[in-house]
1. Within region 81-103, does at least one residue satisfy the condition of being under 30 Å from Thr134 (Cα atoms), open to solvent by 30 Å² or more (accessible area, probe 1.4 Å), touching an Asp or Glu at 6+ places or on another chain (Cβ under 7 Å) and among the β-branched types (Val, Ile, Thr)?
2. Being of a type in the set (S, T, N, Q) and part of a strand (DSSP E or B) narrows it down to one residue among Thr141, Thr100; which is it?
3. From the list Ile60, Ile38, Ile29, exactly one residue is in contact with a strand residue (DSSP E or B) (Cβ under 6 Å, 6 or more places away or on another chain), open to solvent by 40 Å² or more (accessible area, probe 1.4 Å), more than 20 Å from Ala139 (Cα to Cα) and among the β-branched types (Val, Ile, Thr). Which is it?
4. Give me the pairs: first residue in region 30-42 and closer than 13 Å to Asp87 by Cα, second residue open to solvent by less than 30 Å² (accessible area, probe 1.4 Å) and not in a strand (DSSP E or B), beta-carbon distance under 7 Å, and six or more apart or on different chains, which are they?
5. For a quick check of your reading of the model, give me the residue pairs whose first member lies in region 94-109 and is farther than 21 Å from Ala40 by Cα, whose second is at pLDDT below 90 and of a type in the set (Val, Ile, Thr), with beta-carbon atoms closer than 6 Å and at least 6 apart or on different chains.
Amino acid sequence: TGVADSTFGGDGIVNLLSVSGIYPSGHEIILDSFSRIIIAGNNPLGPGYLFACIDSTGVIDSTFGLNGYSIFPITGYGMLISCALQDDGKIVACGYYDTTGTSTDYNFVIMRINPDGTADSSFASNGIFEYSHTNKRDALTCILIQSDGKLLAAGGCQDSLLSWDFAL
């Protein structure tokens with residue numbers, strides 16, 4: 001009807017700035033098997049990859065990560081842009097990592113966390129897979145899980161200043 005749902009957060013909006021030092025930017029949301037809302041994004045002042053978890057009424061789920069947040073610190077700047085839910089409840093997300101901090105060299109990033117918000121240490125290097133393809137800007141913008149459980153991610157690779165290619 002175009003009206004904010006007052007049962008969600010009291011006025012239809014949830015402010016996730018309730019933890020000192022966390023200034024999140026959400027880029028993707030999914031519902032997990034517990035009907036929780038998982039938000040993937042970044043913490044630009046951290047810096048780091050960020051997940052947050054709230055229940056269906058907008059209340060932060062303190063059983064997820066540390067008081068509802070999972071922060072994965074990195075050197076440089078990174079962003080999670082897309083995420084998906086595996087059948088086992090694990091969450092995969094993709095995006096990019098700025099290796100230099102100058103916005104000139106991004107690497108592809110895929111990470112996987114457990115349903116409780118901790119890194120899945122059985123995936124890549126403590127839950128984070130990073131790959132450089134062009135030594136310029138490589139970014140993944142969407143991810144899905146195939147029926148055989150394999151991950152498929154897409155995005156782009158910068159070949160030159162004005163030339164980008166699809167990446168899959």
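The values are calculated or read from the model by the stated rules, or taken from the named source; none is laboratory data. All figures in this text were calculated on a predicted structure; none of them were measured in a lab. Ideal geometry is used to build each Cβ from the backbone, glycine not excepted, and the neighbour counts take in all protein chains shown. Each accessible area value is taken on the protein alone, full model and side chains, heavy atoms only, with ligands, DNA and RNA left out. Shrake-Rupley method; radii C 1.70, N 1.55, O 1.52, S 1.80 Å.
1. yes
2. Values: Thr100 fails: part of a strand (DSSP E or B).
Result: Thr141 is the single residue among Thr141, Thr100 that is of a type in the set (S, T, N, Q) and part of a strand (DSSP E or B).
3. On the way: Ile38 fails: open to solvent by 40 Å² or more (accessible area, probe 1.4 Å); Ile29 fails: more than 20 Å from Ala139 (Cα to Cα).
Just one listed residue meets the conditions, Ile60.
4. If the second residue must be open to solvent by less than 30 Å² (accessible area, probe 1.4 Å) and not in a strand (DSSP E or B), the pairs left are Asp32/Gly89; Ser33/Gly89.
5. Asp105/Thr99
Listed here are the residues, each with its yes/no results for (1) open to solvent by less than 20 Å² (accessible area, probe 1.4 Å); (2) not in a strand (DSSP E or B).
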residue	(1), (2)
Val109	yes, no
Thr134	no, yes
Ala154	no, no
Gln158	yes, no
Phe166	no, no
